[in-house]
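Quick notes on the structure that follows.
Every number in this text was worked out from the coordinates using simple rules, so none of it is lab data. As the structure is a computational prediction, the values presented were derived from the model and not from experiment. Here the Cβ is made from the backbone with ideal geometry for all residues, glycine too, and neighbour counts use every protein chain on show.
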Amino acid sequence: MMTTDAPATPVDVVVIGAGQAGLSTAYFLQRFGVEPESGFVVLDRSFGPGGAWQERWPSLTLSTVNGVHDLPGWPFSEAVDTTAGQVPAAAAVPEYYRAYEARFHLPVHRPVQVGVVCARGERLRVETDRGVYSARGLVNATGTWEHPFVPWYPGATRFRGRQLHTRDYRSADEFTGRHVLVVGGGISAVQLLDEISRVTETTWVTRREPAWRDEDFTPELGRAAVALVEDRVRRGLPPGSVVSVTGLPVTPAIRAARERGALDRLPMFDEITETGVRWPDGTTLDVDVILWCTGFRSSLDHLAPLGLRNPGGGITMTGKLATQVSADPRVHLVGYGPSASTIGANRAGRAAARELVDHLAATAPGP
């Protein structure tokens, strides 16, 4: 239950979310002189540290995950044994975050569910199930894990089999003996397709032909991907996918999946039937499971009263690394758009903290 009638606790900055983006921002706020607790707090909905990493599927290990980036000020390798490649990421990363929060004495409050953020004159009112905060600035770092996206197709409610999203996946073994249709062209889709195809029959469909990357991921490629998304959000467009720029990495496991035919891709169907799917030419396929690896959307519903979105659904961003909301400079979105990657979150956290501290200093009430 949200608290709406309690007296508000005044702080300079509220950070919502304690994943990579939130912890990075908190680290830099403290470094730039904002006092923990009295100056800023971090509100996290989870019961323990780790952000969305706590909910990753068990087979995602340190050797198969698509990168775990260091938080600022303390390397991952100093907190976790990175040589043990079979350690589940869902255990290793939360342990790193737990140790990181303790090491830097970050004021993380959990579990706290933020219900809504409203403008109240020069301040922002943040209503939660554990109290109300009155803040001069806000950094939203809620990520995307809570908003899985499943596109609508005709007949979806008629399907008699099982439908699930990437976030619901736990183990390939649960699909043994069943035909699984994997939908999506991102890294998660390919990883899960590889796993499931080892134990049962699979079919893969995507909207576009997958773009593969046989060469190493270079800094230049990373910058090109970030620049593409940054350009979109600066123009007020919804963030796009970076996979179209970076491509899908061809690992030894992916090569093996190719050899056994698991990566023979089909174009997207246009209808779901009671027993499977149908393509525009009338071709049908019976399947037992549809696994939607179709990504996530930013968790920003609690910011709706601020009216940040444009008519097209995007949010116009500004600032050095496009973290500042153009319509309200008190609000920064870190982990949105170009800072959605773990690498980008650190740089964005620093930029957001610096710009917000400078803004608060420039708009501080007089004596």
Sorted largest first, extent of segment 106-151 alpha carbons per principal axis (Å) = 39, 24, 19
Exposure proxy ranking, count of Cβ atoms within 10 Å, fewest first, for CYS118, CYS293 | CYS118, CYS293
Counting Lys and Arg as +1 and Asp and Glu as -1 over every other residue whose Cβ sits under 14 Å from the Cβ of ARG330, the net charge comes to -1
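Per the helix-only calculation at 222 nm, which mean residue ellipticity applies to the chain, given -39500 (n - 2.57) for every DSSP H run of n ≥ 4 and division by its residues, nearest 500 deg cm²/dmol?
-7500 deg cm²/dmol
Looking at the chain only, what percent of DSSP beta bridges run antiparallel? Nearest 5 please.
Of all bridge pairs located within the chain, approximately 40 percent are antiparallel.
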With +1 on each Lys and Arg Cβ and -1 on each Asp and Glu Cβ, and nothing else charged, work out how big the dipole of the chain is about its Cα centre, in Debye to the nearest 20.
-> 640 debye
Set Lys and Arg Cβ to +1 and Asp and Glu Cβ to -1, take the dipole of segment 85-184 about its Cα centre, and tell me which of CYS118, THR166, ALA135 lies farthest positive.
-> CYS118
Could you state the angle between the C-alpha long axis of helix 20-31 and the longest principal axis of the C-alpha atoms of the chain, as a value from 0 to 90 degrees rounded to the nearest 10?
-> 20 degrees
Debye intensity ratio I(q)/I(0), log10, segment 224-336, q values 0.15, 0.24 Å⁻¹ (C-alpha model) | -0.87, -1.30
Cβ-Cβ cut-off under 15 Å around LEU321, Lys and Arg +1, Asp and Glu -1: the net charge is +3
Nearest-20 debye value, segment 235-304 charge dipole, Cβ charges on Lys, Arg, Asp, Glu = 520 debye
Please determine, in degrees from 0 to 90 and to the nearest 10, the orientation of helix 219-234 with respect to the longest principal axis defined by the Cα atoms of the chain, where the helix direction is its Cα long axis.
-> 70 degrees
How about segment 243-312: which GluC sites (Glu not before Pro) there lie in a loop by DSSP and see at most 14 other Cβ atoms within 10 Å?
-> GLU274
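What do you get for trypsin sites (Lys or Arg not before Pro) in segment 280-367 restricted to DSSP loop and a cutoff of at most 14 other Cβ within 10 Å of the site's Cβ?
Those satisfying the criteria are ARG297, LYS320.
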Between the helical axis of 89-103 and the dominant principal axis of the chain, each derived from Cα atoms, what acute angle in degrees is found, rounded to the nearest 10?
-> 10 degrees
Mind jotting down the three principal axis lengths of the chain based on Cα atoms? Whole angstrom, largest first.
-> 74, 46, 40
Computed for segment 254-367: size of charge dipole around the Cα centre, +1 on C-beta of each Lys and Arg, -1 on C-beta of each Asp and Glu, debye to nearest 20, value 760 debye
Can you give the alpha-carbon Rg of segment 96-248 over 2.2 N^0.38 Å, where N counts its residues?
-> 1.40
Would you be so kind as to identify which of LEU181, PRO154, PRO36 lies farthest towards the positive end of the dipole of the chain, taking Lys and Arg as +1 and Asp and Glu as -1 on Cβ and the Cα centre as origin?
-> PRO36
